[in-house]
Amino acid sequence: MWFSNLLFFSFKQLRRHWVRTLLTVAGTACGMFLFMTVETFQKGLKDATESSAGDDVLVVYRDKRFCPFTSVLPEDYGRKIAKIPGVKEVYPVKVVVNNCGTSLDTVTFRGIPADQAASFLSKTSLSQDVFKTWSRANDSAIIGRELAERRKVKPGDKLDAAGITVRIAGILDSNNPQDMNSAYVHLDFIQKASYDGLGQVTQFNVKVTEHNKMEEVANAIDAMFRSDREPTHTRPEKAFIAQTAKDMVELISFTRWLGLAAVIAVLCLVTNTVIIAVRGRIKENAVMQAIGFQSEHMAWMTLAEGLILGILGGLVGTGLAMWVLQAGNFAISAEGLSISFQVNKELFTKATAVAVGIGIFSGIYPAVLSVKGRLADKLRAA
């Protein structure tokens, strides 16, 4: 009961100096906004590039090629790859992008065989009706939700990019950022629309029978085509993304220091505000002690001020960051590969915990300061 009373009294103290309180909350919100944004970037990077036990897809690419425009492989490689022990399924994929550089609005067309589309997109949320609609029209496309929201299109609309025009048959949802930012079209359609023509693909997505066989299968594929006219370089899908988008990965990795700087800046800001508040009411606090308030009561009241400032600023900044990131559907793409930035409950909980921690730590030194010194000296203070 006594703590809730002190918390209420601390809130009244902050309200007395509302301009200072609002400025501190605004500064804290800015810092937490930056922290939340950076953490979202880091989470998107981790999801796109770090392998997990359930990963079973290899990407076969032209050796020493990165941009989809430069990787050209014969489609008949697929039949040879399918005969390698450990290979479950092979998907030839033709990739065409409207921008091979780093961009926030890249449209990536991925051409896949019509008879393998259901299997290729089995981990996405698509109905059989959508597949039937897509199969009937050669110029139709199934696009990711993030791409659809970014381009403001819906089923039945046309999507025009990279000199290719398709009609949208359906919109998919997936945990894979590559699916969410791609437009899946018929392989023969995109082969005819691109300069390479029929019989040429950009890559092969190879699904293996067991996760622990990925390295063995990758080595076997590269050994098979080492002396062929188009040698290959095979890697797990997430390793392929990390290597191909290396510059983008390094840039996002650097942002963790910005997040750390934001937390330190917010901690210093809230601490400074609480210290100013404590020093501004030395005599007032002394009178409170003289009429019966204990030293621990004064310390808890000061800690509560820091906690209130940290939580208010944290909730405002974190909430604003969530709204901006969800409304913007941001995804950085490079060479046809995407890293998506989506906020989830885990990140919100982490940012809120950081805000609470900042509030507690920022009040420790001011709390000690509020109980230091002789009572008589405080009462005589000007």
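The values are calculated or read from the model by the stated rules, or taken from the named source; none is laboratory data. Predicted model only: the values in this text are computed from it and were never measured. Cβ coordinates were reconstructed from backbone atoms using ideal geometry, including for glycine residues, and neighbour counts include every protein chain displayed.
Taken as a whole, the range 230-252 holds at least one residue that is over 18 Å from the mean Cα position of the chain (by Cα) and part of a loop (DSSP other than H, G, I, E, B). Regarding GLY101, is this residue in contact (Cβ under 8 Å) with a residue 40 or more places away in the chain, crowded, with 16+ Cβ neighbours inside 10 Å and in the same structural domain as ALA220 (by TED's automatic domain parsing)? Answer is no for this residue. The set of residues from the range 129-162 being over 26 Å from LYS207 (Cα atoms), assigned to a loop (DSSP other than H, G, I, E, B) and modelled with pLDDT of 85 or more comprises ALA137, ASP139, LYS152, VAL153, LYS154, PRO155, GLY156, ASP157.
Taking the criterion of being out of contact with any helix residue (DSSP H, G or I) (no Cβ under 6 Å at 6 or more places or on another chain) and under 22 Å from ALA242 (Cα atoms), the only residue of the range 142-173 that qualifies is LEU147.
Of the residues LYS207, LYS158, LYS152, the single one that is under 25 Å from ALA114 (Cα atoms), without any contact (Cβ under 8 Å) to a residue 24 or more places away in the chain and charged (D, E, K, R) is LYS158. The condition (being among the aliphatic types (A, V, I, L, M), at pLDDT 80 or above, over 28 Å from SER140 (Cβ atoms) and touching a strand residue (DSSP E or B) at 6+ places or on another chain (Cβ under 7 Å)) is satisfied by just one residue among VAL72, VAL87: VAL87.
With respect to the stated conditions, ILE190 is among the β-branched types (Val, Ile, Thr) and under 24 Å from ALA137 (Cα atoms).
Against the list (1) crowded, with 24+ Cβ neighbours inside 10 Å; (2) at pLDDT 80 or above, the condition LYS345 fails is (1). Each residue in the range 24-77 was checked for being assigned by TED's automatic domain parsing to the domain that holds LEU187, hydroxyl-bearing (Ser, Thr, Tyr) and farther than 17 Å from GLU237 by Cα, and 2 of them qualify. Scanning the range 111-127 for residues that are out of contact with any helix residue (DSSP H, G or I) (no Cβ under 8 Å at 6 or more places or on another chain) and within 20 Å of THR202 (Cβ to Cβ) yields ASP115, GLN116, SER119, PHE120. Taking the range 163-204 as the range and being of a type in the set (D, E, K, R) and either surrounded by fewer than 21 Cβ atoms within 10 Å (Cβ to Cβ) or not assigned by TED's automatic domain parsing to the domain that holds GLY144 (or both) as the test, the residues that pass are ARG167, ASP173, ASP188, LYS192, ASP196. Taken over the range 14-30, the residue count meeting the criterion of being touching a residue at least 60 places away in the same chain (Cβ under 8 Å) and part of a helix (DSSP H, G or I) is 10.
Identify the residue in the range 199-221 that is touching an Asp or Glu at 6+ places or on another chain (Cβ under 8 Å) and under 25 Å from LYS94 (Cβ atoms) and, among all such residues, is modelled with the lowest pLDDT. Result: GLY199.
Residues in the range 325-364 that are touching a Ser or Thr at 6+ places or on another chain (Cβ under 6 Å), polar (S, T, N, Q) and outside any helix (DSSP H, G or I): SER333 only. Residues in the range 79-128 that are assigned to a helix (DSSP H, G or I), closer than 24 Å to GLU210 by Cβ and hydrophobic (A, V, I, L, M, F, W, C): ILE81, ALA82, ALA118, PHE120.
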